[in-house]
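The values are calculated or read from the model by the stated rules, or taken from the named source; none is laboratory data. Only a predicted model underlies this, so the values are computations on that prediction, with no experimental measurement involved. Note that each Cβ is placed from the backbone with ideal geometry, even for glycine, and that neighbours are counted across all protein chains shown. Ligands, DNA and RNA are excluded from the accessible area calculation, which covers all protein heavy atoms including side chains. Shrake-Rupley method; radii C 1.70, N 1.55, O 1.52, S 1.80 Å.
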Amino acid sequence: MSVHAKLWLYFVVVFGIVALPGLDMAFVMGSAMLGGRRAGLAAVAGIVSGGVCHLAMSALGVAALLRLWPALFNAMLGAGALYTAWIGWRILRAGAGFAQHLPGKACGMGATFRRALVTSLLNPKAYLFMLAIFPQFLRPGPEPLWTQAALLGAITALTQAGIYGALAWLGGRAGRSLEGRPGAATLLARAMGVLLIVLGSLSAAQLVRKLL
């Protein structure tokens with residue numbers, strides 16, 4: 001397979017994975033709807049930064065260590081599930097309080113960025129991607145592996161920025177439409193809280209199945 005064909009294939013795979021609904025997508029949409037477009041873009045920046053960290057850790061062999069030491073991966077899976085459910089529970093408990101913060105004040109840009117970064121770093125699917133898919137597109141040859149990894153990482157980051165950035169823009173518009181409608185804003189906040197709790201529960205169930 002030629003280099004260009006390999007890169008196009010990688011883009012198609014990454015696009016399909018990123019476009020699938022999951023924790024990162026839910027966090028971006030929730031941040032944009034509850035905090036406005038700027039909060040959504042801050043969440044996108046955090047998610048993309050987390051992806052860069054995944055790439056760096058993979059290059060340094062941390063992903064391989066997780067594969068060789070299953071207990072560490074299980075611990076990360078459990079931490080990710082707990083963190084996701086905790087965020088959902090906080091949103092759910094806040095309830096009507098979010099109606100007073102739309103748009104743009106639900107969470108500061110820095111806090112949103114940090115939460116998105118942690119969400120990305122604790123997402124076990126990212127590590128599975130680095131273990132199962134990413135290495136298949138690295139080939140020994142005249143081009144150094146680190147330059148190949150950097151190019152693939154750039155494709156991943158741009159794909160995430162494009163898809164999640166569009167969601168942040170749409171979510172920001174939806175958030176502005178909720179101004180003056182506290183009932184709808186409260187319902188949205190609770191729905192996002194339930195969604196995050198469900199995602200955390202699914203990750204916990206996956207961990208239980210692995211342990212059993």
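The simple spin-label model puts a point 7 Å past each Cα toward its Cβ; for Leu131 and Arg38 those points are separated by 4.1 nm. Note on Leu212/Arg90: beta-carbon distance plugged into 1/(1 + (r/R0)^6) with R0 of 35 Å gives a FRET efficiency of 0.70.
Rounded to the nearest whole Hz, the Karplus-based 3J(HN,Hα) values (6.51 cos²θ - 1.76 cosθ + 1.60, θ = phi - 60°) of region 111-116 follow the sequence 5, 4, 4, 5, 5, 5, with x at glycine and proline. Close amide-amide hydrogen proximity is noted between Gly36 and Gly104, each under 5 Å apart and 5 or more residues distant or on a separate chain (H modeled in the peptide plane; Pro and chain starts excluded). Ignoring ligands, DNA and RNA, what percent of the accessible area of region 1-59 is carbon or sulfur (1.4 Å)? Ligands and nucleic acids excluded, carbon and sulfur reach 78 percent.
Between Leu170 and Glu143, the simple label model (points 7 Å from Cα in the Cβ direction) yields a spacing of 3.3 nm. Distance between the 7 Å Cα→Cβ label points at Cys53 and Leu7: 2.9 nm.
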